[in-house]
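Worksheet: one structure, shown below.
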Amino acid sequence: MTIAQTTPADWMTAIGTVSVAGIALGLALVPLVFRRRNRPRLRVSVGELEPFTRIEPNPEATVVRIMVENVGKTEARRLRIHLQQCWMLSPPPQASGGPWEVVDIDPLPLRWASRPDRTQGDGVAETTLPAGMRDFVPVTRERWQDRKLRLLGAEGVVEIAPYYDFGEYRFELVISGENVKPESHILRVMKTAESRLPWPALVEPPAPEETFNGGYIALM
């Protein structure tokens with residue numbers, strides 16, 4: 001039996017084949033890497049002052065809004081935001097820090113501040129954010145007259161019931177779009193005896209072992 005000897009030409013051919021395959025693979029990955037680096041990225045923020053917490057004079061009420069900003073390099077298309085879950089925590093001595101009451105609700109589409117017209121159907125719950133642009137989403141309104149907390153849905157106001165005169169609420173807000181991954185954010189709204197301001201913040205959801213089912217939301 002004759003053992004074939006590997007010549008330098010054979011090595012050059014093998015190296016060339018591997019190089020061509022590597023170049024082809026690299027060229028195939030370039031568009032994926034480019035799209036990933038240039039896709040839209042959303043940043044969500046809240047605050048205790050304007051423009052996040054807004055005072056309405058007639059009737060006197062406090063509105064909590066979140067800001068959604070596109071900090072990516074391409075536009076974020078057909079953005080929608082839904083209120084997915086709601087938790088309520090009554091103040092001490094009823095709760096003493098827990099447990100959280102889970103409000104059983106259907107997903108509630110919210111509207112964008114730049115599209116306030118509620119006569120357009122689903123259109124008001126959808127927007128496009130070019131790179132570097134931002135928009136606001138009104139989430140809750142608390143009237144000082146009755147201290148009730150209301151959700152500002154895209155097609156109307158929804159009242160949380162039962163409600164606590166003082167206490168803490170947490171809302172899961174899910175943002176989705178045509179070319180962005182769905183992402184979830186937890187908005188905290190507090191009602192205290194010391195202030196009419198709601199002290200909003202982005203926090204973690206309540207732990208499952210600290211929650212129980214109960215409560216309801218009734219349409220106004």
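For K181, go through the aspartates and glutamates and keep the ones whose alpha-carbon is under 14 Å away, minus same-chain ones fewer than eight residues off.
Cross-link targets: E75.
For A201, which sequence-distant residues (separation of 5 or more, or a different chain) have an amide H within less than 5 Å of its own amide H, given hydrogens modelled in the peptide plane?
R188
Give the peptides 186-192, 153-159 in descending order of average Cβ contacts within 10 Å, highest first. Walk me through the numbers on the way to the answer.
Numbers: 186-192: 18.6, 153-159: 15.7.
Ranking, from highest mean packing down: 186-192, 153-159.
Taking θ = phi - 60°, what integer Hz values does the Karplus form 6.51 cos²θ - 1.76 cosθ + 1.60 yield along segment 187-195, in sequence order, with x for Gly and Pro?
9, 9, 10, 10, 10, 10, 6, 7, 8
Using the Kirkwood radius over Cα pairs, work out the Stokes-Einstein diffusion coefficient for segment 164-217 at 10 °C and 1.306 mPa s, in µm²/s as a whole number.
120
Bear in mind these aren't lab numbers, they're just calculated from the coordinates by the rules spelled out. None of the values given here were measured: they were computed from a predicted structure. All Cβ positions, glycine included, derive from the backbone under ideal geometry; neighbour counts span all protein chains shown.
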